[in-house]
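Okay, so here's the structure we're looking at.
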Amino acid sequence: MLTLCDYLPSQNAWKVRVLLGLLGIAYETRHVSIFEGESHTEAFLKLNPAGAVPVLGLENGEAIAESNAILAYLAEGTPYLPSDRVLRAKVMQWLFFEQYHVEPVIGSLRFWTLTGRLERNQALVAGKREAGARALAGLERGLQDTRFLVGNALTIADVAVYAYSHRAEDCGFALADYPAVGSWVDRVSAAIGPGYPVHPYSIDPHSGG
Ligand SMILES: N[C@@H](CCC(=O)N[C@@H](CS)C(=O)NCC(=O)O)C(=O)O
């Protein structure tokens with residue numbers, strides 16, 4: 001059986017939970033206490049040299065890290081990752097967009113906001129706010145004439161980009177300023193369905209949240 005090394009408040013891990021659920025794949029969860037340093041032990045660094053969750057452990061002992069790489073692995077051969085070369089490249093385009101413009105920007109600001117780390121990162125906050133607004137504006141432009149990021153149905157591009165962008169209000173962005181993003185958030189939310197809660201940092205006494 002697959003094993004997911006998980007940390008519940010992580011939206012990177014949330015992406016993987018969602019896709020495993022949509023695909024109906026059974027898996028075991030291994031909770032990793034990242035604020036107690038569990039993702040930086042020698043054993044964990046063998047699974048992911050970057051020392052972060054999520055990591056997907058395969059039946060053959062291999063481990064795959066980086067949330068979007070895990071999504072691509074799981075989605076292979078399913079409608080969530082089209083086989084057409086151009087559509088597939090467009091899915092990749094949004095996965096890379098997410099890892100450059102969304103996760104390290106909105107994800108970091110949200111993390112700092114929800115765990116009381118804004119003050120100590122003050123020097124970076126203005127730049128992140130500007131970059132976050134640029135990311136949402138880019139997403140807004142990308143969603144002008146399409147129901148989902150790539151074509152007319154949910155793909156892993158939507159799951160990945162939605163993970164942090166739909167929570168942008170947690171760190172001070174107003175989704176009402178981005179109407180196409182707002183409608184897409186509703187569509188993705190309906191396509192994913194209930195059953196994938198966003199866990200607050202406050203469930204982890206070590207997080208500061
Ligand atoms: N680019 C990575 C980011 C992974 C990441 O930053 N994970 C966080 C939780 S959201 C983590 O495990 N942090 C622990 C640490 O860096 O020590 C991905 O998409 O999977």
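Within region 97-130, restricting attention to residues that are within 15 Å of the ligand (Cβ to nearest atom) and polar (S, T, N, Q), the residue that is nearest to the chain's Cα centre (by Cα) is Q99. Here V188 meets each of (1) assigned to a loop (DSSP other than H, G, I, E, B); (2) in the same structural domain as I106 (by TED's automatic domain parsing) with one exception, condition (1). Of everything in region 14-46 that is polar (S, T, N, Q) and within 27 Å of R117 (Cα to Cα), the residue that is farthest from the chain's Cα centre (by Cα) is T41. Filtering L124, L95 for residues that are buried (at least 16 other Cβ atoms within 10 Å of the Cβ) and in a helix (DSSP H, G or I) leaves a single hit, L95.
Might you let me know whether region 194-206 holds any residue that is of a type in the set (A, V, I, L, M) and open to solvent by 30 Å² or more (accessible area, probe 1.4 Å)? The answer is yes, given that some residue of region 194-206 is of a type in the set (A, V, I, L, M) and open to solvent by 30 Å² or more (accessible area, probe 1.4 Å). Among the residues of region 105-121, those identified as part of a helix (DSSP H, G or I) and surrounded by 15 or more Cβ atoms within 10 Å (Cβ to Cβ) are V105, I106, G107, S108, L109, R110, F111, W112, T113, L114. From the list A133, A63, the lone residue that is within 16 Å of the ligand (Cβ to nearest atom), open to solvent by less than 40 Å² (accessible area, probe 1.4 Å) and at pLDDT 95 or above is A63. The single condition among (1) surrounded by fewer than 20 Cβ atoms within 10 Å (Cβ to Cβ); (2) more than 13 Å from the ligand (Cβ to nearest atom) that L74 does not satisfy is (1). Say whether the condition of being among the polar types (S, T, N, Q), within 16 Å of the ligand (Cβ to nearest atom), in contact (Cβ under 8 Å) with a residue 24 or more places away in the chain and over 29 Å from A131 (Cβ atoms) is met by at least one residue in region 78-89. No, every residue in region 78-89 fails to be among the polar types (S, T, N, Q), within 16 Å of the ligand (Cβ to nearest atom), in contact (Cβ under 8 Å) with a residue 24 or more places away in the chain and over 29 Å from A131 (Cβ atoms).
Applying the condition of being open to solvent by 20 Å² or more (accessible area, probe 1.4 Å) and near the ligand (Cβ under 10 Å from one of its atoms) to region 38-52 and asking which residue is nearest to V18 (Cα to Cα) yields A52.
Would you confirm, using the coordinates I've provided, whether T3 is modelled with pLDDT of 95 or more, surrounded by fewer than 22 Cβ atoms within 10 Å (Cβ to Cβ), in contact with a Lys or Arg (Cβ under 7 Å, 6 or more places away or on another chain) and under 24 Å from L95 (Cβ atoms)? Yes, satisfied.
Conditions (1) touching a Phe, Trp or Tyr at 6+ places or on another chain (Cβ under 8 Å); (2) touching a residue at least 24 places away in the same chain (Cβ under 8 Å), marked per residue:
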position: V105; (1), (2): no, yes
position: S108; (1), (2): no, no
position: G116; (1), (2): no, yes
position: R134; (1), (2): no, yes
position: A137; (1), (2): yes, yes
position: D145; (1), (2): no, no
position: D158; (1), (2): yes, yes
position: R167; (1), (2): no, yes
position: C171; (1), (2): yes, yes
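Within region 150-185, the residues that satisfy the criterion of being part of a helix (DSSP H, G or I) and not aliphatic (A, V, I, L, M) are D158, Y162, Y164, S165, E169, D170, C171, D177, P179, G182, S183, W184. Can you name the residue in region 1-37 that is in a loop (DSSP other than H, G, I, E, B) and touching a residue at least 40 places away in the same chain (Cβ under 8 Å) and is also farthest from the ligand (Cβ to nearest atom) among such residues? Only one residue tops the list, namely M1.
The values are calculated or read from the model by the stated rules, or taken from the named source; none is laboratory data. All figures in this text were calculated on a predicted structure; none of them were measured in a lab. Note: ideal-geometry Cβ built from the backbone for every residue, glycine included; neighbour counts use all protein chains shown. Protein only, heavy atoms only, side chains kept; ligands, DNA and RNA dropped before computing areas. Shrake-Rupley method; radii C 1.70, N 1.55, O 1.52, S 1.80 Å.
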